[in-house]
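First comes the structure, then the notes that go with it.
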Amino acid sequence: MNRKLTDLWVGLFVLAGFAAILVLALKAGNLAAFSFSETYQVLAKFDNIGGLKARAPVKSAGVVVGRVARIAFDDQTYEAVVTLALEKRFAFPQDTSAKILTAGLLGEQYVGLEAGGDSKKLADGGRIKSTQSAMVLENLIGQLVFNKAAEGKSDNK
């Protein structure tokens, strides 16, 4: 009888371990934040989305108001088209602006919305016209090095 009880506890411990690994994998894949609330979709075009991924959060004032539904490439304008699935309870004005931001210095990227003052609201299938692309760390470092090299050349003359 004692052996069966030990086997049961070992089995429960292994099952709890598998459940913890599953939760960790869902968190790492950004799939744990399922939302069953109704959404409406809005498009935003960016010159550069950096490392933005589908299912990345869409935040306004630090609050998650939706998720990135899909990312596509417009071969006519050569821009990234990001479809945002916003929760219906959050109605944003038509002149809302979108930025691609980074959580921390090297953290995950997300879309930040800044509400405007228009009385008309974004509708399903609407488009955010004012966007700001991602800050790419490699580009910033390249600009810094280029500027420092240019300063060094002008000092030597």
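The values are calculated or read from the model by the stated rules, or taken from the named source; none is laboratory data. A quick note: this is a predicted structure, and the numbers were derived from the prediction, not measured. Cβ sites come from the backbone with ideal geometry, for glycine too, and all protein chains shown count toward neighbours. When the accessible area is computed, the model is the full protein with side chains, heavy atoms only, and any ligands, DNA or RNA have been set aside. Shrake-Rupley method; radii C 1.70, N 1.55, O 1.52, S 1.80 Å.
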Inset, instruction - Kindly indicate whether any position in the range 63-84 is hydrophobic (A, V, I, L, M, F, W, C), under 18 Å from the mean Cα position of the chain (by Cα) and farther than 15 Å from ALA44 by Cβ. - result: yes
Inset, instruction - Those residues that are farther than 9 Å from TYR110 by Cα and either part of a loop (DSSP other than H, G, I, E, B) or β-branched (Val, Ile, Thr) (or both), I need them from the range 56-72; list them, please. - result: ALA61, GLY62, VAL63, VAL64, VAL65, ILE71
Inset, instruction - Could you tell me whether GLN41 is more than 14 Å from ILE100 (Cα to Cα), open to solvent by 40 Å² or more (accessible area, probe 1.4 Å) and part of a strand (DSSP E or B)? - result: yes
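With open to solvent by less than 100 Å² (accessible area, probe 1.4 Å) and part of a loop (DSSP other than H, G, I, E, B) as the only criterion, which of GLY116, GLY152, GLY142 stands out?
So the residue among GLY116, GLY152, GLY142 that is open to solvent by less than 100 Å² (accessible area, probe 1.4 Å) and part of a loop (DSSP other than H, G, I, E, B) is GLY116.
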Legend entry - Boolean, GLY125 is under 17 Å from LYS45 (Cβ atoms), in contact (Cβ under 8 Å) with a residue 24 or more places away in the chain and loosely packed, with under 11 Cβ neighbours inside 10 Å: yes
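Inside the range 73-82, can you point out the residues that are open to solvent by 20 Å² or more (accessible area, probe 1.4 Å) and either assigned to a strand (DSSP E or B) or at pLDDT below 90 (or both)?
Listed by number, the residues that qualify are PHE73, ASP74, GLU79, VAL81.
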Inset, instruction - Please go through the range 83-109 and pick out each residue that is assigned to a strand (DSSP E or B) and either open to solvent by less than 40 Å² (accessible area, probe 1.4 Å) or charged (D, E, K, R) (or both). - result: THR83, LEU84, ALA85, LEU86, GLU87, PRO93, SER97, ALA98, LYS99, ILE100, GLN109
Legend entry - From ALA56, ALA69, residue being free of Cβ contacts under 8 Å to residues at least 60 places away in the same chain, small (Gly, Ala, Ser) and under 30 Å from ILE141 (Cβ atoms): ALA56
